[in-house]
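The values are calculated or read from the model by the stated rules, or taken from the named source; none is laboratory data. Remember, predicted model here, so these are calculated numbers, not experimental data. With ideal geometry, Cβ positions are generated from the backbone for all residues, glycine too; neighbour counts draw on all protein chains shown. Note: accessible area is taken over every heavy atom of the protein model, side chains too, but ligands, DNA and RNA are not part of it. Shrake-Rupley method; radii C 1.70, N 1.55, O 1.52, S 1.80 Å.
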Amino acid sequence: MSIQIRLATAADIPALHALVGELAGHLGDKDDFTATIERFEKDFNKGYFDALVADEEGEVAGMALYCLLYSTWNGRMIYLEDFVISQRHRRKGIGQLLWDALKEHGRALDCKILKWQVVADDEAAMRFYRKQDPVFEDQWLNGKVML
């Protein structure tokens, strides 16, 4: 097994889109996943998001899709939007390799925080994140308004 962690390129957009689709299916939210490949391409090319990918012999096996944000309390932070290892590539240690690379990448960008959300009843994800020595916030609630 030869895994390379690298920055995503525009050529990876279809694979990133497919991984998000796989995640949406896993969570039972496939109908809510409405972003098109064209939208991903446009937003990637404008720099709205970036990603690290786990490349296994030329195939994207996983991704950490993120954007940079700013914390008025701590400074620059990296916000992990989606962290997905394709089902067929799991149980190979790829997730930990990608996670460690994401943390190092954040440090290289002078980020002080790595922040993410996780669906509380996704047991496999919760097991993984608990191993990362996280702080799960219970006093801050997520809010959103659809535009």
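Here are the numbers:
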| item | result |
| --- | --- |
| Cβ-defined net charge surrounding Asp43, 12 Å radius [Lys, Arg +1; Asp, Glu -1] | -1 |
| Mean Cβ neighbour count within 10 Å, used as a protection proxy, ranking 22-34, 126-138, 60-72 highest first | 60-72, 22-34, 126-138 |
| Binned Cα-Cα distances of the stretch 63-147, short to long, each 10 Å bin given as a whole percent | 14, 48, 32, 6, 0 |
| Total charge dipole magnitude, the stretch 1-65, about the Cα centre, Cβ charges on Lys, Arg, Asp, Glu only, Debye to nearest 20 | 220 debye |
| Electrostatic dipole magnitude of the chain [Cβ: Lys, Arg +1; Asp, Glu -1; Cα centre; debye, to 20] | 360 debye |
| Anisotropy class of the stretch 71-120 from Cα gyration tensor, a/c 1.5 cut | oblate |
| Computed [θ] at 222 nm, deg cm²/dmol, the chain (DSSP H ≥ 4; -39,500 (n - 2.57); rounded to nearest 500) | -9500 deg cm²/dmol |
| Highest-fluctuation residue, Asp55, Asp121, Asp100 considered, GNM on the chain with Cα pairs under 10 Å | Asp121 |
| Within the accessible area of the chain (1.4 Å probe), percent carbon and sulfur | 51 percent |
| Largest-first principal axis extents of the Cα set of the stretch 12-56 (Å) | 29, 26, 13 |
| Volume per residue that the Cα convex hull of the chain spans, once the total is divided by residue count, Å³ | 134 Å³ |
| Whole-percent pair-distance distribution, where bins are 10 Å wide, for the alpha carbons of the stretch 28-85 | 19, 41, 33, 7, 0 |
| Solvent-accessible area per residue for the chain (1.4 angstrom probe, square angstrom) | 67 Å² |
